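First up is the structure itself, then whatever we jot down about it.
Readers should treat all values here as calculations from the given coordinates under stated rules, not as data from a laboratory. All values reported here derive from a predicted model rather than from experimental measurement. No Cβ is skipped: glycine too gets one built from the backbone with ideal geometry, and neighbour counts run over all protein chains shown.
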Amino acid sequence: MYCGDEVFSVVGDLGTATSRFGYAGEDLPKAVFPSAVGHVVDAVEGGRKKEKAGDAGASNSMDVDEAAAAGRIGSNAAAVLGDAKIGLRRTDLELSFPMENGHVRNWDAVERIWAHAFGQIAVRDEAKGVPFMYALPTWATRAESQTVMELAFERFEVGALYLARSAMLSAFSTGRASGIVCDCGAGSTSAVPLLDGYVLQQLVGRSERGGDWLDGKVGEWLASKKVTVRPFGQHQGVVAEKMPPHYRQFQEQRVLRDVKESCCLVPQADSDDGAMFDVEDNDPEDGVYELPDGTKVKIDKALRRVPESVMLPGNDSAFSSSSTSSSIPGPQDLPGLVYAAVEKADVDVRKELLGNVILTGAGSCFRGAAERLQFELTEKVPVAYKVKVVTATPLERRFSAWIGGSILASLGSFQQLWLSKLEYEEMGAERALKERFH
């Protein structure tokens with residue numbers, strides 16, 4: 001449809017924790033906000049919804065937890081999105097999330113997030129007639145891809161669409177078309193081999209040890225210190241106002257995430273011959289972190305080393321428990337995922353893959369993460385292979401898939417690859433997906 005010069009287009013990337021949308025050709029996304037949709041409910045008191053005025057005689061008020069499980073909360077209410085609105089202390093807001101275990105489970109939430117994003121970046125008529133590049137999770141199913149296409153063309157009436165795997169875009173953001181993309185995201189950690197811009201799907205490895213999993217380990221550490229997380233600074237001894245369950249969990253997790261990002265690192269490691277790298281020098285372990293309610297907790301080695309769990313196989317982490325079991329088969333540590341992918345790859349491409357290990361995602365921004373991955377992989381692979389871990393700045397790692405999409409969609413040579421709305425109407429979603437994107 002589009003040939004020659006670059007055209008005005010929008011790039012979108014919906015992740016487990018945050019969504020990122022903006023204009024192609026820009027350095028960073030214009031809109032970044034939580035991947036959560038809020039619905040206003042009745043205020044809650046004592047674990048049950050308060051009765052509205054005029055309904056004082058009603059005696060069958062449903063518990064908020066039961067209502068959330070039944071999917072009846074906020075079904076007719078206006079959606080509440082964006083960090084500024086969701087981040088406020090509220091007792092009348094319940095949240096729903098579109099992503100679960102790397103797959104979309106709530107398409108209504110996806111639609112609302114897209115609409116909010118287009119409004120945030122001031123796209124006319126909700127992107128009607130505008131080319132739209134969307135980053136799909138690497139493991140997205142054909143059915144999910146087809147639904148995305150139908151949503152884009154039929155609900156938002158975009159002018160053209162291009163679906164790209166997020167790992168491919170992350171590689172493009174570093175100027176590489178081949179390698180292994182190690183993405184440390186909120187929902188999972190993955191190792192995705194690429195060759196000449198194509199994802200080698202049969203070699204993809206994935207682990208549930210993502211950022212949310214690490215947040216849980218920080219929560220376990222706080223619980224071991226008998227510390228309760230109070231996200232809005234309620235004083236000790238004061239009974240907190242009852243909030244809808246998912247909303248409270250979301251706010252508590254934000255506190256745990258801040259503890260993790262402020263206090264944790266990936267520590268040093270020793271090899272058999274005594275060689276080592278050091279990230280803990282001049283980094284005292286007797287620091288203190290102050291929680292929102294004023295509680296001060298002493299930072300110790302166990303807390304600092306929480307992210308090391310992503311680098312260790314099995315239950316070698318400091319927080320080994322039944323929660324470390326995974327529904328995803330195979331290695332759970334990042335070096336193990338990379339090694340397993342390389343081992344299954346053709347011998348002729350192993351050298352190229354190991355020479356371009358691309359570290360991305362917010363979970364890769366811990367100090368020492370790149371060095372530790374380099375060390376662990378070098379220990380695993382034969383000496384004939386040289387391992388090179390490629391990293392960008394922490395900010396670029398957080399938005400790597402979006403940045404890769406921004407670069408790709410702004411290239412003049414790319415414009416002929418768009419799927420136009422006319423082509424979609426002629427071929428239909430199933431055929432268009434098969435012929436153009438798979």
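Starting from the Cα-Cα distance between K298 and E157, subtract it from 0.36 nm times their residue separation and give me the gain in nm to one decimal.
Values: separation 141, 0.36 × 141 = 50.76 nm, distance 5.37 nm.
Taking K298 through E157 to full extension adds about 45.4 nm, to one decimal.
Nearest 20 debye, what's the magnitude of the dipole of the range 130-260 about its Cα centre given +1 on Lys and Arg Cβ and -1 on Asp and Glu Cβ?
Details: 15 positive and 13 negative charges, 118 e Å.
The calculation lands at about 560 debye.
On the beta carbon distance between A223 and K344, with R0 = 41 Å, the FRET formula returns roughly 0.55.
What is the extension gain from A78 to A122, computed as 0.36 nm multiplied by their sequence separation minus the C-alpha to C-alpha distance, in nm to one decimal? Let's see the in-between values first.
Values: separation 44, 0.36 × 44 = 15.84 nm, distance 1.99 nm.
Length difference between fully extended and current span is 13.8 nm.
Scanning residues 5 or more positions from I358 or on other chains, those with amide H under 5 Å from its amide H are I180, V181, C182, V390, with H placed 1.01 Å from N in the peptide plane.
Note on K380: lysines with a C-alpha under 22 Å away, same-chain residues under 8 apart excluded, are K344, K351, K388. Close amide-amide hydrogen proximity is noted between V104 and no other residue 5 or more places distant or on a separate chain, at a cut-off under 5 Å (H modeled in the peptide plane; Pro and chain starts excluded).
Taking the mean number of other Cβ atoms within 10 Å as a proxy for protection, how do you rank 192-198, 302-308 from highest to lowest?
On the way: 192-198: 18.9, 302-308: 21.6.
So the peptides 192-198, 302-308, ranked by packing, come out 302-308, 192-198.
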